[in-house]
Ligand SMILES: C[S@@+](CC[C@H](N)C(=O)[O-])C[C@H]1O[C@@H](n2cnc3c(N)ncnc32)[C@H](O)[C@@H]1O
């Protein structure tokens, strides 16, 4: 929530929570946003539906069909109204090519202001110890990537990268990708 608020999120925004899992963010974002303004995707529909019923103070604020099973970052059925997107702790567990796919497919949202996501950073060609002790890898989860790769992937997808100084759990680094339609 803090990361999104620092991007100027208001209750009027339409949020896409990519890899939203059991609604760890959703249980705060759904009550904050206007009803119907939260959309979530995840590889597991069951996990999202369980989160909706067990984690939300008022599940009626989140229509069940706003939780969409999508393991390919294709965002099927997500409306053009989306203004902010976040993928927290998702690309930390997936090969870097998935970030490129997601960003490319996020270009179709005309009102998007910012796309936020986290990764672990390291130039190491083998295991690396992150600042809080978690060990990451170049070729298996949890993954790390060189900062230059993140910058290149964001730019190749047509976005402008900004590395956030915000300190996150487990040493993840927050990135903000700004779409080309935003001056
Ligand atoms: C570490 S959890 C983070 C969940 C949530 N964003 C949070 O902050 O609590 C990673 C999530 O990514 C989802 N996931 C894994 N592979 C995925 C894929 N290919 N497409 C979409 N979601 C995926 C998992 O099901 C899981 O819910």
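Before moving on, here are some points about what is shown:
- Hits in the range 51-72 - residues which are part of a loop (DSSP other than H, G, I, E, B) and either more than 13 Å from the ligand (Cβ to nearest atom) or buried (at least 18 other Cβ atoms within 10 Å of the Cβ) (or both): 56, 57, 58, 62, 63, 70
- Filtered by the rule that a residue be assigned to a helix (DSSP H, G or I), more than 12 Å from the ligand (Cβ to nearest atom) and exposed (fewer than 15 other Cβ atoms within 10 Å of the Cβ), the range 1-50 gives 2, 5, 6.
- Answer from 82, 78, 86 - the residue that is within 15 Å of the chain's Cα centre (by Cα), assigned to a strand (DSSP E or B) and touching a residue at least 12 places away in the same chain (Cβ under 8 Å): 86
- Residue 102 falls short of the stated requirement of being under 17 Å from the mean Cα position of the chain (by Cα), within 18 Å of residue 29 (Cβ to Cβ), buried (at least 22 other Cβ atoms within 10 Å of the Cβ) and within 11 Å of the ligand (Cβ to nearest atom).
- Only one of 115, 134 that is in contact (Cβ under 8 Å) with a residue 24 or more places away in the chain, surrounded by 22 or more Cβ atoms within 10 Å (Cβ to Cβ) and in contact with a helix residue (DSSP H, G or I) (Cβ under 6 Å, 6 or more places away or on another chain): 115
Read the figures in this text as sums done on the coordinates, not as results from a lab. In this text the structure is predicted, and so the values were computed from the model without any measurement. Using ideal geometry, Cβ is built from the backbone for each residue, glycine included, and neighbour counts are taken over all protein chains shown.
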